Amino acid sequence: MAASEPERATAIEDPRMWDAFVGIGVAVLLVVAGFAGDLPSIALGAAGVLTIGLAYPLARRAMLEERPSTAFQVAAVVGAAVAAFAYPPLAGAQALAAPLLWVSSCDSIRRAVIANVGLFGAVLAAFWLDGGDTWLLATTQSLSFAFSMVIGLWISGLARATEERDRLIAELEAAQASIARLSGEHATAAERARIARDLHDTIAQDLAAIAMLAQRRGADAATLAAVEELAQGALAEVRGLVAANAPVGLDDGLPVALERLGERFAAETGIAVRVEAVAVELPVDAQAALLRTAQESLANVRKHARAASVGVTLTADASGVRLEVADDGRGFDRTAVRRGLGLQGLDERMSLAGGSLEIDSSPAGTRVVARLGAGAP
């Protein structure tokens, strides 16, 4: 497909530059032709110059469409030879035609070299027919041809460098689009993982507690009240996730949220809970990470520990914030337990919050310690 003018303009700089070059060159050569002396020489010289000028649109189209123009190259060679034959000073027409032969060859160096050989050979023949000094003319034309080769190769190299730059820019833009797409996919995956952790750490635990209470025989008013409270809490969590608001339970701060969590856990399980929490200055996301860590730790106590008591401690000092959940249950062997969503979720949550998690378990109980350094994001 032929390139449009704005696209091709990047490879040949600005076509208007060539328009100006040809226009000025033709005008100067026509002025020179006026000094030929006799009318036939003036007319013949002007005809040769105008042949190049009138054929130039073919060269311009060749540049824009990236298709070589043999018609222009033949017209340029003939026009330069006729002008030089009519009036020797008009040999300057070859200086006008030579670069145009290069750009109208459209990166074909072989075609450009052949066209320039034809150009300088034809002008040399015109000088010879006009009776000039053959050896002097041959030397002059050889040097002119060599200069044309240097300039032409420079033009071709510039065009190739520009095209390579355009190709690299296109590849870079494609790479940036791919990175943006992958970043979007990564963000989506991270958001799904966050929602999965939130569902597991909150709603799933509430529903598990509801199920346990519902399995009790002879449910009394207190049990039904606990079921209702858990159901209302689960509903509030769902609304919070859907609305993407701050996590449920943190409106009054993390210490109060931990107190409420401990009270609810004790009411559900009958396990004694001791909560000691100090006020901390943390972003909401960091507080949510600690609250969810406490929730998951207590959920594991309920499901596995067979503990009689559990302590939740939140402290802060110059090094950061420390949350500890310790029970007196039967513990577990971490090497023999497959890491499920709970333990893995705890690690991931604290890692995303910029903190760390330690789990120490023995037959005397389990201790979960979450740390957030000072200035945690």
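The values are calculated or read from the model by the stated rules, or taken from the named source; none is laboratory data. This structure is a prediction, so every number in the text was calculated from the model and none was measured. Reconstructed Cβ throughout: ideal geometry from the backbone, glycine too, with neighbour counts over all protein chains shown. Surface areas here come from the heavy atoms of the whole protein model, side chains and all, with no ligands, DNA or RNA. Shrake-Rupley method; radii C 1.70, N 1.55, O 1.52, S 1.80 Å.
Quick look at the numbers
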| item | result |
| --- | --- |
| Given (1) in contact with a Ser or Thr (Cβ under 7 Å, 6 or more places away or on another chain); (2) open to solvent by less than 60 Å² (accessible area, probe 1.4 Å); (3) among the aliphatic types (A, V, I, L, M), number of the condition Ala80 does not satisfy | (1) |
| Residue in segment 298-313 that is modelled with pLDDT of 90 or more, hydrophobic (A, V, I, L, M, F, W, C), part of a strand (DSSP E or B) and open to solvent by 10 Å² or more (accessible area, probe 1.4 Å) present | no |
| Residue satisfying all of: in segment 159-190; within 21 Å of Asp347 (Cα to Cα) and open to solvent by less than 80 Å² (accessible area, probe 1.4 Å); modelled with the lowest pLDDT among these | Ala187 |
| Criterion violated by Val242 - all others in (1) assigned to a loop (DSSP other than H, G, I, E, B); (2) at pLDDT below 70 satisfied | (1) |
| Matching residues in segment 1-48 - criterion: being at pLDDT 90 or above and under 32 Å from the mean Cα position of the chain (by Cα) | none |
| Residues being over 27 Å from Thr223 (Cβ atoms) and either touching a Leu at 6+ places or on another chain (Cβ under 8 Å) or modelled with pLDDT of 85 or more (or both) - total across segment 248-273 | 4 |
| Residue satisfying condition, being modelled with pLDDT of 85 or more and surrounded by fewer than 16 Cβ atoms within 10 Å (Cβ to Cβ), within set Leu58, Leu54 | Leu54 |
| Single condition Glu324 does not satisfy, out of (1) modelled with pLDDT of 90 or more; (2) among the acidic types (Asp, Glu); (3) open to solvent by less than 10 Å² (accessible area, probe 1.4 Å) | (3) |
| Cβ pairs under 6 Å, 6+ apart, first in segment 298-323 and farther than 21 Å from Ala257 by Cβ and among the basic types (Lys, Arg), second at pLDDT below 90 and open to solvent by 60 Å² or more (accessible area, probe 1.4 Å) | Arg306/Arg330 |
| All positions within segment 91-115 that are among the hydrophobic types (A, V, I, L, M, F, W, C), open to solvent by 20 Å² or more (accessible area, probe 1.4 Å) and closer than 24 Å to Leu30 by Cβ | Ala95 |
| Restricting segment 327-377 to residues that are hydrophobic (A, V, I, L, M, F, W, C), under 15 Å from Leu291 (Cβ atoms) and modelled with pLDDT under 80, the residue that is surrounded by the fewest Cβ atoms within 10 Å (Cβ to Cβ) | Ala376 |
| Asp285 vs. criteria in a loop (DSSP other than H, G, I, E, B) and open to solvent by 10 Å² or more (accessible area, probe 1.4 Å) | no |
| Which listed residue is in a helix (DSSP H, G or I), over 17 Å from Glu229 (Cα atoms) and basic (Lys, Arg), from Arg274, Arg292 | Arg292 |
